[in-house]
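The values are calculated or read from the model by the stated rules, or taken from the named source; none is laboratory data. Owing to the predicted nature of the structure, the values given are computational and were not obtained by experimental measurement. Cβ sites come from the backbone with ideal geometry, for glycine too, and all protein chains shown count toward neighbours.
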Amino acid sequence: MNELQKIQYNCRKATYLIEKQEIGHITVREKLELKIHLMTCSICKTFQQQSVVINNMVRNLFYLDGQTNMKLDENFKKELQKRINKLLDKN
């Protein structure tokens with residue numbers, strides 16, 4: 001599989017880049033890889049649209065409530081990551 005095909009068929013990396021872009025900056029190479037992937041994957045494109053909406057809603061929720069220092073419990077985050085990885089590995 002050549003490099004372009006790897007980019008086109010790597011939804012796990014695309015979702016990672018979508019979330020990384022939402023919370024910070026991605027490199028020019030990452031932007032290009034994501035753009036190529038989104039041109040061929042409607043599922044990830046939908047995920048990106050939903051992710052933007054959800055992140056905006058969460059930001060608004062915390063901003064409106066004045067809660068700027070709220071964080072998830074570390075054990076909850078670890079368990080959630082395990083569940084996500086388990087589901088991703090099934091596919």
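Tabulated results
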| item | result |
| --- | --- |
| Any hit, region 53-62, residues being of a type outside the set (F, W, Y), modelled with pLDDT of 90 or more and in a helix (DSSP H, G or I) | yes |
| Qualifying residue in region 11-25 (condition: surrounded by 10 or more Cβ atoms within 10 Å (Cβ to Cβ), out of contact with any Phe, Trp or Tyr (no Cβ under 8 Å at 6 or more places or on another chain), modelled with pLDDT of 90 or more and β-branched (V, I, T)) | no |
| Residues satisfying the stated conditions in region 28-57, i.e. hydroxyl-bearing (S, T, Y) and either over 16 Å from N10 (Cβ atoms) or in contact with a Cys (Cβ under 8 Å, 6 or more places away or on another chain) (or both) | T46, S51 |
